[in-house]
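All remarks here apply to the structure that follows.
Bear in mind that the values in this text are calculations on the coordinates, not laboratory data. Just so we're clear, the structure is a prediction, and the values are computed from it rather than from any experiment. As a convention, Cβ positions derive from the backbone with ideal geometry for all residues, glycine included, and neighbour counts pool all protein chains shown.
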Amino acid sequence: MKKEVFTPKGMKVFGGPVAEAAIAGGFAFISGQIAVDPKTGDIIHGTIEEEAEAALSNLKLIVEEMGAQMEDVVKCDVFLSTMEDFDRMNVIYEKYFGTQCPPARCGVALELWGGMKIEVGAIVKL
């Protein structure tokens, strides 16, 4: 099975040996999205709601540029700097995925790069 690397147009991405997404077997595996301005790459430090909104908005931008919809996301991994933010993050998460048929999800608390409050990765059925 051949793997394809996907880089969104017009989205400033961090350097290094990481693809924003890798596509294989009819699925896209999207790297963790954090709260950054997609045009400038500037990090957005804010409340958990602000950072969750920015991270999920970036995820949506990538999903839609691939020709899919948020309904096609089958799995999310949500990393939080503290589980104390879980309920507040969940309010924003529900705006993007609803409650009727949300993706499977893992939620983990750990220290995140650069003092971020949230990072969200996803698997999307193309």
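Results, tabulated for the structure shown:
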| item | result |
| --- | --- |
| Residue in the range 3-20 that is of a type in the set (Ser, Thr, Tyr), touching a residue at least 24 places away in the same chain (Cβ under 8 Å) and not in a helix (DSSP H, G or I) present | no |
| Breaking point among (1) touching a residue at least 24 places away in the same chain (Cβ under 8 Å); (2) surrounded by fewer than 17 Cβ atoms within 10 Å (Cβ to Cβ), for Glu94 | (1) |
| Residue within the range 29-40 that is among the β-branched types (Val, Ile, Thr) and without any contact (Cβ under 8 Å) to a residue 60 or more places away in the chain present | yes |
| Extreme residue, surrounded by the most Cβ atoms within 10 Å (Cβ to Cβ), among residues of the range 10-38 that are at negative phi and more than 16 Å from the chain's Cα centre (by Cα) | Ala24 |
| Some residue of the range 108-116 being of a type outside the set (D, E, K, R), over 14 Å from the mean Cα position of the chain (by Cα), more than 24 Å from His45 (Cα to Cα) and part of a loop (DSSP other than H, G, I, E, B) | no |
| All positions within the range 44-89 that are in contact with a helix residue (DSSP H, G or I) (Cβ under 6 Å, 6 or more places away or on another chain) and either surrounded by fewer than 16 Cβ atoms within 10 Å (Cβ to Cβ) or in a loop (DSSP other than H, G, I, E, B) (or both) | Ile44, Glu49, Arg88 |
